[in-house]
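First the structure, in the form of structure tokens, and then the observations on it.
A short reminder: the numbers here are calculations on the coordinates, not readings from a lab. In this text, all values refer to a predicted model and were calculated from it rather than measured experimentally. Note that each Cβ is placed from the backbone with ideal geometry, even for glycine, and that neighbours are counted across all protein chains shown.
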Amino acid sequence: MKIEQTTMVDYNEVDTDFRMKLPVLFQRLQCAAIHHSEQVGLGSAAMVAAGAVWILNRMRVDICRMPIYREEITVRTWHKGSIGFRAGRDFLVFSGDEQVAAATSLWLYYDLNRKRIAKIPKHVSEPYTAEAENVLPTGAIDFEVNKTFVPERTITITTREGDYDPNGHVNNTAYLEYLETLIKRSGIGDVNVGQVGIQYLKEIGRDVHTLQAGVAAVKNTVRFRFFDPTAVYAAGFVTVGEPG
């Protein structure tokens, strides 16, 4: 079962070049996934009431170009099946017939009562149905993550009340706001993002008011991580090119 959502890029969603901001693209992907879950009766509220939630573990997005102000885009998404406690989901983003981005993701099933990752029950997996199509090459989700590299530059990020979602932790898409800030302020400059790979390692709870964002670049690949003295919350990579 594939589902689609079509929206228009609004003024508050673009940067100074009138291109869609990076976190907005991730918000569109998240909204499509939520819409799919709600269509099959497994929306966030229903899942929590049943004592479970989906946790996004990894996501990789390959961007051909960022949509621009007032451009109409369509996000298509589908469930790729479940194995044990893991489930896959792919996305395609179109402007008309033009593909502007593709993404693959890995999700974990979390049992709220037992407070741990658990095997995905059939009654949770089967309503989505599974599609075999892969939008990125096999293994694309298994990108290398360096959680301990020494940053070339570090900035301090302050969490905001608006970063938190109904589950009480910083929403996955807020990390991309932190990443966009890190890219702009780390000396990398105003560049085009080609690929983003992120692994979510530990939730940022309400007791975390500040954290560090560190970056190190090798040619056009930028490693990043979000951390404090107690934990690494997320890490990954970005590929960048010259402004378009």
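Which residues does a label at Arg86 reach in the range 132-164, if reach means a backbone N under 18 Å from a point 7 Å past the Cα toward the Cβ? Inside the label zone: 132-147. Computed from point charges on the beta carbon alone (+1 for Lys and Arg, -1 for Asp and Glu), the dipole magnitude for the range 1-141 about its Cα centre is near 840 Debye. Taking each DSSP H run with n ≥ 4 as -39500 (n - 2.57) and averaging over every residue of the chain yields -5000 deg cm²/dmol at 222 nm.
Residues in the range 74-118, backbone N under 19 Å from the label point at Ala231 (7 Å along the Cα-to-beta-carbon vector): list them, ranges by number please. Taking a point 7 Å out along Cα→Cβ of Ala231, the residues of the range 74-118 whose backbone N falls under 19 Å are 107-118.
Between Asn192 and Leu112, the C-beta separation translates, for a Förster distance of 51 Å, into a calculated FRET efficiency of about 0.80. Label sites at Glu131 and Thr74, each approximated as a point 7 angstrom past Cα along Cα to Cβ, lie 1.1 nm apart.
Positive-end ranking of Trp54, Thr16, Asn192 along the dipole of the chain, with charges on Cβ about the Cα centre, is headed by Trp54. Averaging Cα coordinates gives a centre for the range 203-239 and one for the range 95-149; these two points are 21 Å apart. Here the chain is assigned +1 on the Cβ of each Lys and Arg and -1 on the Cβ of each Asp and Glu. Its dipole about the Cα centre then comes out at about 900 debye. Its residues counted as N, the chain yields a C-alpha radius of gyration over 2.2 N^0.38 Å of 0.99. Across the chain, the mean sequence separation of Cα contacts (distance under 8 Å, 6 or more residues apart), normalised by length, yields a relative contact order of 19 percent. Database remark: amide H of Phe143 closer than 5 angstrom to no amide H (H placed geometrically; neighbours at sequence offset of 5 or more, or on other chains; Pro and chain starts carry no H). Over 27 Å between Cα atoms, which of Lys2/Lys147; Lys80/Lys119; Lys147/Lys184; Lys80/Lys219; Lys2/Lys115 qualify? Those over the limit are Lys2/Lys147; Lys80/Lys219; Lys2/Lys115.
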